[in-house]
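First comes the structure, then the notes that go with it.
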Amino acid sequence: MPPFEPVLLEAIGTPDSHTLESYCSRGGYAPFEKLLAEQQPTDVIELVKSSGLRGRGGAGFPTGVKWGFLPKDHPGPIYLCVNADESEPGTFNNRILMEDDPHQVIEGTMISSYATRATTAYIYLRYEYPHAWDRLQAAIDEASAAGLLGSNIKGSGFSLDIYLHRGAAAYICGEETGLIESIEGKRAWPRIKPPFPAIEGLFRKPTVVNNIETMACVAQIARRGTDWFRSIGVPADPENPRDPGSYGPKLYCLSGHVEKPGCYEAPLGITLRQLIDEYGGGVWKGRKAKAAIPGGISMGLMTEAEFDTPLDFKGPGTVGCMGLGTGAVVVIDETVSIVDFLHNSCRFFAHESCGQCTPCREGTSWNQRILERIRAGKGRLKDLEILLENGNTMGMMPGSTICGLADGAAWPIKNAINKFRDEFEETIKRTNPEGWMVTDPVPALQIVGAH
Amino acid sequence: MPTVIVDGREIEIGTDERLNCIEAARRAGAEIPHYCWHPGLSVVASCRMCLIEVGSRDAETGKTSMVPKLVPACQTPAKDGTVIVTESSKVKESRARVEEALLIDHPVDCPICDKAGECRLQDYHFEHGQAQRRADIHPFTSRKRDVGPTVSLFVDRCIMCTRCVRFTREVAGTGELMVSSRGSKEEIDIFPGYPLDNKLSGNVVDLCPVGALGDKDFLYQQRVWFLKREDGVCGGCSAGCSIHTEHNQDTIYRLKPRENQHVNKWWICDEGRYGWHHLHDPSRLVEPKRQRDGKGNAAAEPVEWADIIGLLRSDLAAATANGGRLAVAVSPMLTVEEAWMLCSVARSIDPQAMLAVGFVPTSGEDESFPGGFTIRSEKCPNRVGVEHVIAGFDPTVPRWETLLDAVESGSCTAAWISAAYPPAGNRPPSEAASWIDEATAARFEKLRCLIVQDLFTSPLADRADWLLPAAGFAERSGTWVNHAQWAQSFERAIRAPSGVWPEGRLLWNMLGRHRLYDPAVIRREAAATSSALAALAEDLPPIGIDLRLQQLATS
């Protein structure tokens, strides 16, 4: 494999990489001005469509196709929301882009706004990113002063304002429609679909929601062209007309029990083992890996034997994970108890469930409490059946919830129990030698007293 | 016509109807359980109880293709060819799981819960739940929180359907209620210092599918299975909201709105909801009294009703002899039937009797809410109906002021003032100002005979020769016509207190009719005398009819 030259991260580590001067010296904003002067918005949509760019936020939906869903000839306003509510555990690539190369993100936002004919763009930041906020705001101010933002940019007739919006630290705000509700000033309860945001989104107007990394990719596609983009990654399967392929570079966030955790840019399709060994310096302390999360905790769990799976949009699905997700790889070494891992995962989702749909609100907290009981030495084998039943029945895929949070909560349960069932059974039998085999329902309710 | 297939049964729905799958299935007789969906509120599809299987049947090939996952029936429109499956094992298992989930944190304190007996959670669990509880969690205790002057919140009974929150935002427009916290720790709450205090607040209790919101007025007063429910009409204002009067042993315990899309949709205001307490007030008039005999001597003795029938006639006849004239105030609290009988009785005593619309109480301005509900400023239910009745006898329809002038000037020598006004503003009668003040009452001084028929004592009652007790709104039968000409018939919900003959019974007997008072007979006779009331000749549907439309149809 030839050494891969980072593109999205090319400036990271160079002095003053966050400034306009640095960005322009790398050829920044020239592609935007060229597009603005020479091309129509529909041309830009075609450009992105032909590049095969798929959204980097988790679901991997083709970006150009998403833009194409916007109603034609809408009188406006159309909104672009950039999702920087990077809350998936293990994910931190948006942060690096925003903090150290904010102009790349902003140029991508400008190009995307031009393509979608949006005149207002909101960048939705998670609460915990004050430094990213400062850097982005400074970059927006710089760009405005340079005449790259505002009304009638460079005499093109195109106007754009970019606003930062900060969440209040909730995972659900990263869900497309939860984010929209949050920008509107409401509780981030995901909306029922239809209508989809492209038809009726922010302030009931057509809206596109894209990830920060997607914006950076758009900027690079505009600069380097679709051929460059399509030369990287995994081409579409010619046998499967529905496979859009996995093109382009991807920012993988490597953390957990590796020697050199960090955010690494690699072509889509790199295997998990390559990522750990070639970029991460191998599993730490000379230990063996037990499992890894392929792309944020909601994507599930890969066992060590599955580490040769390519990390493209298709790969993790072939070993029972939900998908590539955000590309956040968390490595778990052999000393970690999978019961503890699953408890941690369930605790996270119980805390972050927005509480709208019954199966997710009650299911996630029930799962957490079952795992707490197992860890306290009161587990029963029957609990695994209940956990699996909850895992199999909650989520958008079985249809029992509005958004995908419950699917993300269910996947680690399904993967952990199916792939490490022996360890669960051994732990339960060892810690609860008296009661592991009990299958009776839990004792009757305590009747509450009068109030 | 679009055809929907519900559990294999084909039903047709209207071309322009926008039904969801719950409504479409109901047409076919299949009840899809649901908590969060309410036809008067926005769709949130969050309780997930109404999950069903749907598909579509191709119009040309007749082939059915099903959606692979479950979908919420409330959110799914029923269109031509929509296939709805409500009883598959997948659907049943999903319902059982939702029930199980809802009960995980529920205190299950049904024995002390006011909602027991009319609780969706109970009913659905019985029908769709599973027998065994698998959850390993002791539920919270039942915390009670004061959210406003009319409503208590039992926090842990809540299933987070958010109907109440949506009601305050979408219908009342006040938005006091909100959801706080997240996940399973979520609670309905108010912002500190901003209680649930609006004129429609009681509706959130009706909307609550479980026992989380309790009506302070009803809390712990009666088990719901002891209550009997009668269709009625609210007498609080000229809106004429359809209600259910819920009572036991001639005592009202609560009023609930009855759905009527033409009048009040699903709601009633708090003024109407709590506007029944005066019926059971101990200071109510319950004895007919002849306070002065025909010669002006104080008597104040109770008289038997059987004797009153004749005595009223003879006293009025004596007072209107020798060129005198009878004036009658027909109260807008009376039903059309009672008003017609009162006019007929008056004209049979004095063919020239003045028939005037009684005092019309008003308060403030009409008050409209974002959800399309309006509280009327006219605080009586039947001014329009009374005017129609009087117009059949006297097209000039004299007003209350005309009557006052006539009794003051002496051109009328006897008066029958029907009143039956509840105390203003839901206050106890002892605190509320009477409907008539001393100065107005003094204008009745010159009369030879004054009959006052009222619920409570008043300055006018003190001057009356005859003081007759009146019936309250839930104690009458008949028809009211609201401000928009919408006529609704109703039967009495409770009997009047012992010793009180409602106006209908007294007047029926004074007309010399036999057997028991039958409003339907009178309604048909009244319909024959007034073109505006012609539509009342037929029996009315429970939701009533629009008199104007009926007139157009018959003209």
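Just so it is clear, none of the values below were taken in a lab; they were calculated from the coordinates. Worth saying up front: this structure is predicted, and the values here are computed from it rather than measured. Cβ placement follows ideal geometry from the backbone for every residue including glycine, while neighbour counts extend to all protein chains displayed.
What whole-number distance in Å separates the alpha-carbon centres of segment B:308-373 and segment A:358-427?
After rounding, the separation between the Cα centres reads 73 Å.
Report the antiparallel proportion of the DSSP beta bridges in segment B:320-431 as a percent, rounded to a multiple of 5.
If I count the DSSP bridges inside segment B:320-431, around 25 percent turn out antiparallel.
Once the Cα gyration tensor of segment A:84-159 is diagonalised, what are the square roots of 5 times its eigenvalues, in whole Å and ordered largest first, as equivalent ellipsoid semi-axes?
Its equivalent ellipsoid spans semi-axes of 25, 13, 9 Å.
Over all directions, the average projected area of the alpha-carbon convex hull for segment A:5-47 comes to how many nm²?
Averaging across all directions leaves 3.9 nm² for the Cα convex hull.
Determine the distance separating the Cα centre of segment B:412-482 from the Cα centre of segment A:292-320; give it in Å without decimals.
If we compute the Cα centre of each part, the gap is 83 Å.
Looking at the protein assembly as shown only, what percent of DSSP beta bridges run antiparallel? Nearest 5 please.
65
Can you tell me, using C-alpha contacts under 8 Å and at least 6 residues apart, the relative contact order of segment B:289-554 as a whole percent?
That works out to 20 percent.
Two decimals, Cα atoms only, Kirkwood Rh: what is Rg/Rh over segment A:370-436?
1.05
Rounded to the nearest 0.05, what FRET efficiency do B:Ala298 and B:Ser409 give with R0 = 22 Å and r taken as the Cβ-Cβ distance? Could you check?
0.25
Mean projection of the alpha-carbon convex hull of segment B:352-480 over all orientations, in nm²?
9.4
I need the P(r) histogram for segment B:95-276: all alpha carbon pairs, bin width 10 Å from 0 out to the longest distance, whole percents.
Spelled out bin by bin, segment B:95-276 gives 9, 35, 35, 18, 3, 0 percent.
Applying the Karplus parametrisation 6.51 cos²θ - 1.76 cosθ + 1.60 with θ = phi - 60° to the phi angles of segment B:6-22, what ³J(HN,Hα) value in whole Hz is obtained for each residue in order, glycine and proline being reported as x?
10, 6, x, 9, 8, 10, 9, 10, x, 5, 9, 6, 9, 9, 8, 5, 5
For chain B, what does the alpha-carbon gyration tensor say about shape, rounded, prolate or oblate, given a ≥ b ≥ c as the root eigenvalues, a/c under 1.5 as rounded, and a/b over b/c as prolate?
Prolate.
Take the cross-link list A:Lys382/B:Lys90; A:Lys250/A:Lys288; A:Lys49/A:Lys72 and give me the ones stretching past 19 Å between alpha-carbons.
A:Lys382/B:Lys90; A:Lys250/A:Lys288
Exceeding 28 Å between C-alpha atoms, which entries from my cross-link table qualify? They are A:Lys205/B:Lys185; B:Lys216/B:Lys265; A:Lys193/B:Lys256; A:Lys314/B:Lys92; B:Lys265/B:Lys379.
Over 28 Å apart, Cα to Cα: A:Lys205/B:Lys185; A:Lys193/B:Lys256; A:Lys314/B:Lys92.
Please give the FRET efficiency for A:Ala146 paired with A:Asp73, using the beta carbon to beta carbon distance and R0 = 35 Å, rounded to the nearest 0.05.
0.65
Distances over 23 Å make up what percent of all Cα-Cα pairs in segment B:3-87?
That fraction is 16 percent.
Tell me whether segment A:309-429 comes out rounded, prolate or oblate; compute the Cα gyration tensor, take square roots of the eigenvalues as a ≥ b ≥ c, and use a/c under 1.5 as the rounded threshold.
oblate
Under 19 Å Cα to Cα from A:Lys290, which lysines show up? Leave out anything in the same chain fewer than 8 places away.
Correct list for A:Lys290: A:Lys260, A:Lys414, A:Lys419.
Taking the alpha-carbon distance from B:Lys79 and a cut-off under 17 Å, which lysines remain once sequence neighbours fewer than 8 residues away in the same chain are dropped?
List returned: B:Lys63.
Normalised by the residues of chain B, what does the relative contact order come to in percent, with Cα pairs under 8 Å and at least six apart?
RCO, chain B: 11 percent.
Can you pull the Kirkwood radius for segment A:20-231, inverse mean 1/r over Cα pairs, to one decimal in Å?
Over segment A:20-231, the inverse of the mean reciprocal pair distance is 16.9 Å.
Name the trypsin sites (Lys or Arg not before Pro) in segment B:275-384 that are in a loop by DSSP and that have at most 12 other C-beta atoms within 10 Å, would you?
Listed in order of number, the matching sites are B:Lys295.
Nearest 5 is fine: what % of DSSP beta bridges in chain B come out antiparallel, could you say?
Just about 75 percent of them are antiparallel.
Please list the equivalent ellipsoid semi-axes of segment B:119-222, computed as the square roots of five times the alpha-carbon gyration tensor eigenvalues, in descending order and whole angstrom.
25, 16, 13
Which net charge results when you count Lys and Arg as +1 and Asp and Glu as -1 among the other residues whose beta-carbon is under 14 Å from that of B:Gln352?
Residues near B:Gln352 contribute 0 overall.
Treating the angle as unsigned and between 0 and 90°, give the value, to the nearest 10°, between the Cα long axis of helix A:381-393 and the longest Cα principal axis of chain A.
30
Let me check the size of the protein assembly as shown from its C-alpha atoms; what are the radius of gyration and Dmax in Å?
When restricted to Cα atoms, the protein assembly as shown yields Rg and Dmax of 37.1, 125 Å.
In whole angstrom, how far apart do the alpha carbon centroids of segment A:234-291 and segment B:1-46 sit?
49
At a Cα cut-off below 12 Å, give the aspartates and glutamates reachable from B:Lys228, other chains included and same-chain residues fewer than 8 away excluded.
Candidates past the 8-residue exclusion: B:Glu246, B:Asp250.
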